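Visitor: Could you have a look at this structure, given as structure tokens, before my questions?
The values are calculated or read from the model by the stated rules, or taken from the named source; none is laboratory data. Worth saying up front: this structure is predicted, and the values here are computed from it rather than measured. Cβ placement follows ideal geometry from the backbone for every residue including glycine, while neighbour counts extend to all protein chains displayed.
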Amino acid sequence: MTNNYDKAFDSEVLFSDNSSQLLSSWWERKPLLLVFLRHFG
């Protein structure tokens with residue numbers, strides 16, 4: 001049985017402290033809800 005995260009798009013995320021992490025590493029152990037919020041103002 002394949003896991004859903006095997007099929008998802010993977011990208012490197014850059015943080016404000018210049019560290020980076022693969023997006024897929026966040027949902028390897030448990031489900032993840034990822035929300036993209038754009039602020040207009």
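Visitor: I'm trying to understand the selection: among the residues of the range 14-41, which are surrounded by 10 or more Cβ atoms within 10 Å (Cβ to Cβ) and part of a loop (DSSP other than H, G, I, E, B)?
Guide: Selection gives TRP27, GLU28, LEU32.
Visitor: Could you look through the range 4-13, keep only residues that are assigned to a loop (DSSP other than H, G, I, E, B) and of a type outside the set (A, V, I, L, M, F, W, C), and pick out the one that is modelled with the lowest pLDDT?
Guide: Result: LYS7.
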